[in-house]
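Single-structure report; data block below.
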Amino acid sequence: MRARRYSLPVMRKPRTPPEPAPALRLTLRVDVNGKATLGPGKIRLLELIGEHGSITAACRIMGMSYRRGWALVENLNATFAERLVAARTGGVGGGSAALTPHGTRIVRAYRAVEAHAAAAADLDALRVCLTASKPG
């Protein structure tokens, strides 16, 4: 009688699913004399002030303190040739804020430049480079 040979099962590494491609997003920041003057956060704050008529509401939506939001608005108003936000102090019903026509033009111009930059950017080429250079 011959001895039976038993083979051990081959242990294989479990397949790991491929990593998803990195999510890329182009952001635009405008620096004036080396200082960050206008970027996605400030533009969003301006948009929310325009939509809600309130710095407080805009800050609440963004998860930002009123003090920080007010400081950003004051900085923007001081930086540009014309005010971007007109604020009215509150009384019984509270205050209000609105974008000035100049503020509306600045937001539109920023969004237009952002759209042109996004259209011109080849993010897929960057994504390939990011995934191709990963060790492993």
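How do the peptides 75-81, 29-35 rank, highest first, by the average count of neighbouring beta carbon atoms within 10 Å per residue?
Numbers: 75-81: 13.1, 29-35: 9.4.
Answer by packing, highest mean first, reads 75-81, 29-35.
Choose one answer from 46, 24, 84: the residue with the largest mean-square fluctuation in a GNM of the chain with alpha-carbon springs under 10 Å.
24
Which residue, 112, 86, 125, has the most motion in a Gaussian network model of the chain that connects Cα atoms within less than 10 Å?
Comparing 112, 86, 125 in a Gaussian network model of the chain, the most mobile one is 125.
Answer rounded, prolate or oblate for the chain, using the Cα gyration tensor with square roots of eigenvalues a ≥ b ≥ c: rounded when a/c is under 1.5, else prolate when a/b is larger than b/c, else oblate. Before the final figure, lay out the partial values.
Values: a/c = 4.71, a/b = 2.63, b/c = 1.79.
Because a/c hits 1.5 or more and a/b exceeds b/c, the chain counts as prolate.
Can you sort 55, 49 from fewest to most other Cβ atoms within 10 Å of each residue's own Cβ?
Details: 55 22, 49 27.
Arranged by neighbour count, lowest to highest, 55, 49 become 55, 49.
Residue by residue, what Karplus-based ³J(HN,Hα) values in Hz, rounded to whole numbers, does the stretch 98-114 have, using 6.51, -1.76 and 1.60 with θ = phi - 60° and x for Gly and Pro?
3J(HN,Hα) across the stretch 98-114, in whole Hz: 8, 6, 7, x, 5, x, 5, 5, 5, 4, 4, 5, 4, 5, 5, 4, 4.
Compute the length gained on full extension between residue 44 and residue 79: take 0.36 nm times their separation in residues and subtract their Cα-Cα distance, giving the result in nm to one decimal. Walk me through the numbers before you get to the answer.
Details: separation 35, 0.36 × 35 = 12.60 nm, distance 1.73 nm.
So the chain would gain 10.9 nm between residue 44 and residue 79.
Can you compute the helix-only [θ] at 222 nm over the chain? Use -39500 (n - 2.57) per DSSP H run of at least 4 residues, normalise by all residues, nearest 500 deg cm²/dmol. Display every interim value, and only then the final one.
Numbers: 5 runs with 65 residues, N = 136.
One gets -15000 deg cm²/dmol as the mean residue ellipticity at 222 nm.
Tell me, 43, 61, 106 in order of fewest to most beta-carbon neighbours within 10 Å?
61, 43, 106
Quick one: which residues, 5 or more positions from residue 38 or on another chain, have an amide H under 5 Å from its amide H? H modelled 1.01 Å from N in the peptide plane, none for Pro or chain starts.
Under 5 Å from the amide H of residue 38 lie the amide H atoms of 30, each far enough along the sequence or on another chain.
Rounding to the nearest 10 and keeping the result within 0 to 90°, find how far the Cα-based axis of helix 66-79 lies from the longest principal axis of the chain.
Between helix and principal axis, roughly 70 degrees.
If we count every other residue with Cβ under 11 angstrom of residue 55's Cβ, Lys/Arg +1 and Asp/Glu -1, where does the sum land? Before the final figure, lay out the partial values.
On the way: positive: 60, 67, 68, 88; negative: 74.
Value of the local net charge: +3.
Return one number: the angle in degrees, 0 to 90 and rounded to the nearest 10, between the long axis of the Cα atoms of helix 40-52 and the longest principal axis of the Cα atoms of the chain.
60
Nearest 0.05, what FRET efficiency do residue 68 and residue 111 give at R0 = 30 Å with Cβ-Cβ as r? Mind dumping the intermediate values first?
Details: r = 23 Å, r/R0 = 0.76.
E between residue 68 and residue 111, to the nearest 0.05, is 0.85.
Where a number appears in this text, it was derived from the coordinates with a stated rule and is not lab data. Here the structure is a predicted model, which is why all the values come from computation and not from measurement. Counting neighbours? That spans all protein chains shown, and the Cβs are built from the backbone with ideal geometry, glycine included.
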